[in-house]
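Worksheet: the structure to be examined is printed underneath.
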Amino acid sequence: MFLSVFDIFKIGIGPSSSHTMGPMTAAARFLDQLRTGLREPGAGEVAHLACSLHGSLAFTGKGHATDRAVILGLLGFRPDTIDPDDAAAEEARLRETGAVRPAGLPELRFDPESDVVFDFGPPLAGHANGMVLRARDARGKLYMEETYYSVGGGFVMTAAELERHKQGGTEALHAEKVAQGYPYPFGSAAEMLRMGRIAGKSIAEMKWENEASDCGRGAVRERLDAIWSAMDACIDRGLSQAGQLPGGLKVRRRARSIHQQLLAERGTNLAQPHTVNDWLSVYAMAVNEENAAGGKVVTSPTNGAAGVVPAVLRYYRDHCIGATEAGRRTFLMTAAAIGGLIKHNASISGAEVGCQGEVGSASAMAAAGLCAALGGSNEQIENAAEIALEHHLGMTCDPVGGLVQVPCIERNGLGAIKAVSAASLALRGDGQHFMPLDNCIEAMRQTGMDMSDNYKETSRGGLAVNIPEC
């Protein structure tokens, strides 16, 4: 099994990887399909676009700006390259004209108010995050239709792709990746540890060789450094901003104020030993406040959990003795390996398995990354990931108002604290432990399948329905 580090860590925009980045990508992909279809012999004219949102995309789509994401996707924007100013101007033009003019396609009628439908009926069969895009000709006859699923972390699959993925199974995927030439295509933690023992390589070294087999180590290093630069810049932006977050909950940004307090306490006798937890929290909160404001973030592995990995990596760089650039890269490679295992064998989607799949996965990734950067063995790294994930099992996804604010912002801070604790515990041992990571991942998957849909990013249960009356 091989998921690239750049599949796990993707630069995009907030507030949600599954509800914002995914739908925008799906809409842009639909335009690509239309362009291909129009080149076919005998292809007719296409004149009108529409979209319906289902399941969690419907229930919390307004709070996650899913409708705007679809609009921007149909205008031709993509999450990794979008310019906010250009997007705002194009959206304003669309609302005036009721038409989009994507490159390579004719002018297409599209009314943002009536052509994006929130369907509050049962979710589509394939996944909790489903959407259907349709194109019709001038007479209203269906020209093209495609069902997409936003499966977490910004990943998007058509219905056919999702079915093939479900039918393929681990063995088929493993054989495919071996045939493609990846030297270490581990599909489980046990396989990862076995390959590392045989080859005498660390998890990060195996990951580097997989990545470099596509484009070379220099190109991988350049892209990896760009990922960290985006994470680091996001923390800095979050630490510099004040005011209220959008969406109507009137949630105040707190990262800047907390950071200023921490800076003022440095070199004094005011700081308690546990203040290091406040540093971890403020780094994570800075990222997730930026995410909630629709800013530029990196999926880690999702937007809702985007603060954990950057916070722990910033903690490593600024607070840990002996931190190095090589250690930072080892951290990211190792974290991506663990994130890939969780996504492959369970889920990183809050709409599918609750927040254990988002912040829980992020905490496991960060714990493994920190353990590796601090010199942990492969067995200690696997133990660190298991400890962090184990202690997020059962965590619900219950965003108040469908916004990625309460409890999501603070939850990232606590996920970062758990990650550091897990890494520290694992480093105190020799890697031998009772519960293997693979079993913990399977427990997370089973727990998510048994969890009521009310607690899986629908805002129909938990904290989302227990809020103070204003």
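Suppose the filter is surrounded by 21 or more Cβ atoms within 10 Å (Cβ to Cβ) and under 21 Å from Lys10 (Cα atoms); does Pro79 pass it?
Working: surrounded by 21 or more Cβ atoms within 10 Å (Cβ to Cβ): yes; under 21 Å from Lys10 (Cα atoms): yes.
Taking the combined requirement at face value, the residue satisfies it.
For (1) of a type in the set (Gly, Ala, Ser); (2) crowded, with 24+ Cβ neighbours inside 10 Å; (3) in contact with a Lys or Arg (Cβ under 9 Å, 6 or more places away or on another chain); (4) more than 20 Å from Gly394 (Cα to Cα), each residue gets a yes or a no:
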| position | (1), (2), (3), (4) |
| --- | --- |
| Glu289 | no, yes, yes, yes |
| Ala305 | yes, yes, yes, no |
| Pro310 | no, yes, no, yes |
| His344 | no, no, no, no |
| Ile348 | no, yes, no, no |
| Gly357 | yes, yes, yes, no |
| Ala364 | yes, yes, no, no |
| Ala367 | yes, yes, yes, no |
| Leu370 | no, yes, no, yes |
**Asked** For the stretch 377-420, which residues satisfy the criterion of being basic (Lys, Arg) and either under 17 Å from the mean Cα position of the chain (by Cα) or assigned to a loop (DSSP other than H, G, I, E, B) (or both)?
**Response** Arg411
**Prompt:** Which helices (runs of 4 or more DSSP H) does the stretch 181-280 wholly contain that include 3 or more residues that are under 24 Å from Lys296 (Cβ atoms) and either in contact with a helix residue (DSSP H, G or I) (Cβ under 8 Å, 6 or more places away or on another chain) or at pLDDT below 95 (or both)?
**Reply:** 217-240, 255-265
**Asked** What tally of residues in the stretch 127-168 results from selecting those that are touching a residue at least 12 places away in the same chain (Cβ under 8 Å), assigned to a loop (DSSP other than H, G, I, E, B) and surrounded by fewer than 20 Cβ atoms within 10 Å (Cβ to Cβ)?
**Response** 3
**Prompt:** Any idea how many residues of the stretch 291-303 are surrounded by fewer than 24 Cβ atoms within 10 Å (Cβ to Cβ) and part of a loop (DSSP other than H, G, I, E, B)?
**Reply:** 3
**Request:** Filter the stretch 179-213 down to residues that are in contact (Cβ under 8 Å) with a residue 40 or more places away in the chain and of a type in the set (D, E, K, R), then give me how many there are.
**Result:** 3
**Prompt:** What number of residues in the stretch 3-61 are over 23 Å from Ser347 (Cα atoms), in a strand (DSSP E or B) and among the small types (Gly, Ala, Ser)?
**Reply:** 2
**Message:** Where the second residue is among the hydroxyl-bearing types (Ser, Thr, Tyr) and the first is within 17 Å of Ala305 (Cα to Cα) and lies in the stretch 324-353, which pairs have Cβ atoms under 6 Å and are six or more apart or on separate chains?
**Reply:** Ile342/Ser361; Ile348/Thr302; Ile348/Ser361; Ser349/Ser18; Ala351/Ser56; Val353/Ser347
**Complete:** Counting only residues in the stretch 439-470 that are over 21 Å from the mean Cα position of the chain (by Cα) and of a type in the set (D, E, K, R), the one surrounded by the fewest Cβ atoms within 10 Å (Cβ to Cβ) is identified as Glu469
**Message:** Which numbered condition in (1) over 26 Å from Trp208 (Cβ atoms); (2) modelled with pLDDT of 95 or more; (3) not hydroxyl-bearing (Ser, Thr, Tyr) is the only one that Gly295 fails?
**Reply:** (2)
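The values are calculated or read from the model by the stated rules, or taken from the named source; none is laboratory data. Since we're looking at a predicted model, the values are computed, not measured. No Cβ is skipped: glycine too gets one built from the backbone with ideal geometry, and neighbour counts run over all protein chains shown.
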